1. How about region 210-258: which of its residues are buried (at least 16 other Cβ atoms within 10 Å of the Cβ), polar (S, T, N, Q) and more than 28 Å from Val81 (Cα to Cα)?
2. Count, please, the residues in region 220-252 that happen to be more than 26 Å from the chain's Cα centre (by Cα) and either under 19 Å from Ser271 (Cβ atoms) or part of a strand (DSSP E or B) (or both).
3. Quick one: would you say Gly87 is open to solvent by 10 Å² or more (accessible area, probe 1.4 Å) and small (Gly, Ala, Ser)?
4. Within region 8-16, is even one residue outside any helix (DSSP H, G or I), of a type in the set (D, E, K, R) and crowded, with 16+ Cβ neighbours inside 10 Å?
5. Within region 305-349, count every residue that is small (Gly, Ala, Ser) and free of Cβ contacts under 8 Å to residues at least 40 places away in the same chain.
6. In region 275-287, which residues are part of a loop (DSSP other than H, G, I, E, B) and either open to solvent by 30 Å² or more (accessible area, probe 1.4 Å) or free of Cβ contacts under 8 Å to residues at least 24 places away in the same chain (or both)?
7. Looking at region 125-137, I want the residues that are modelled with pLDDT of 95 or more and have a partner that is surrounded by fewer than 13 Cβ atoms within 10 Å (Cβ to Cβ) and in a strand (DSSP E or B) with Cβ atoms under 6 Å, at least 6 apart or on another chain. Which pairs are those?
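The values are calculated or read from the model by the stated rules, or taken from the named source; none is laboratory data. Everything quoted here is computed from the prediction, not taken from an experiment. So basically every Cβ, Gly included, is an ideal-geometry build from the backbone, and we count neighbours across all protein chains shown. Side chains are part of the model used for accessible areas, which takes the heavy atoms of the whole protein and leaves out ligands, DNA and RNA. Shrake-Rupley method; radii C 1.70, N 1.55, O 1.52, S 1.80 Å.
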Amino acid sequence: MTKVVIALSGGVDSSVAAALLVKEGYEVVGVTMRLWSEPGCEEENRCCTPQTRHLASQLAAQLGIPFKVLETSEAFRREVVQPFLDGYSRGDTPNPCIFCNRRLKWGYLWEYCQSINADYLATGHYARIVENDQGKLELWCGLDESKDQSYFLSLLTQDDLSHTLFPLASYTKQEVREIAHSLSLPSADQPESQDLCFLGSRDYRDFLAEYAPEAVHPGEIVSTSGQVLGEHNGLAFFTIGQRKGLPSSSQALYVIDKDLAGNRLVVGTQSELGRDAMVVAGVNWIAGEPPADQFTAEVKIRFKAAKTPAIVKVLDTGKVQVGFSQSLRDITPGQMAVFYKGDLVLGGGTIDAR
């Protein structure tokens, strides 16, 4: 019998994914990862609270499958939280959820799968895996466009996909809720999980001030022409396109750039905001290599951003130059840029500060 480890969060998606696997006849093992939380704030990590672990345990008992809580607190602190702090300290705006998937689920959790001789790792992501005519595995968007999570999976490799199952690939969120209610699963009415789970209800600025105080250095707020307009309390507290917290002006001001060398926040009007090109570093090509040295694609510069047509050129350095036919206002260093051909995910990398 094929053995599958399902990553259980206590939420409705992973719960239904587990139920579908059991129904299909797999030997299923449920695993919840214990993630890092600030001391005394264990109830606030939205992905891993005592309540969600209890829901996952209840589900496993209802389905009649083994259940284990895997201790990954230190790994999560090192592989997800610390890069989050380091990114903001560099002036970037990082996306820790992508690295949680790559380094925790398809890292430490897959190592556990191998230790118990499991054949596959399954999750409740809305995405599809397709084998093409050349025998390569492809990552495709989920059928429910409103819930597609392929953006967060763009760092997966051929090897990762070869031992991965996405049971919700062909389902919509509404259908998943309906299945959960029909089976009376304990998570049927659980609310959607949130990004930045380890922050809980805490503002990220307070978190940075405590855990990365070196990132908090007051400096000047200047216009694009160099005029000093005020003082910021730390570049880490601002992101490209932000309006909140800027000096009052006859015209609305936006964050245009961060001058890291001078510790200056550069602001300007809406007409000054936006770029039509960017450099992307550390690109993972899901096929193992880019489609060509230069090609057209659609690019998402943030999870909730629309796919935008672009010309993509692979540089000799391994980085990628991306040119858009229109100016985009939210190109932000540290965020993930993901490349698509329709619903096919080509890969993704980190928007560079260049």
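1. Ser223
2. 20
3. no
4. Looking through region 8-16, none of the residues is outside any helix (DSSP H, G or I), of a type in the set (D, E, K, R) and crowded, with 16+ Cβ neighbours inside 10 Å.
5. 4
6. Ala287
7. Pairs that qualify, where the first residue is modelled with pLDDT of 95 or more and the partner is surrounded by fewer than 13 Cβ atoms within 10 Å (Cβ to Cβ) and in a strand (DSSP E or B), are Leu137/Glu131.
Here's the yes/no breakdown for (1) touching a helix residue (DSSP H, G or I) at 6+ places or on another chain (Cβ under 6 Å); (2) of a type in the set (Val, Ile, Thr):
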{"site": "Asn117", "(1), (2)": "no, no"}
{"site": "Ile129", "(1), (2)": "yes, yes"}
{"site": "Gly135", "(1), (2)": "no, no"}
{"site": "Glu138", "(1), (2)": "no, no"}
{"site": "Phe152", "(1), (2)": "yes, no"}
{"site": "Phe166", "(1), (2)": "no, no"}
{"site": "Ile179", "(1), (2)": "yes, yes"}
{"site": "Ser182", "(1), (2)": "no, no"}
{"site": "Pro186", "(1), (2)": "yes, no"}
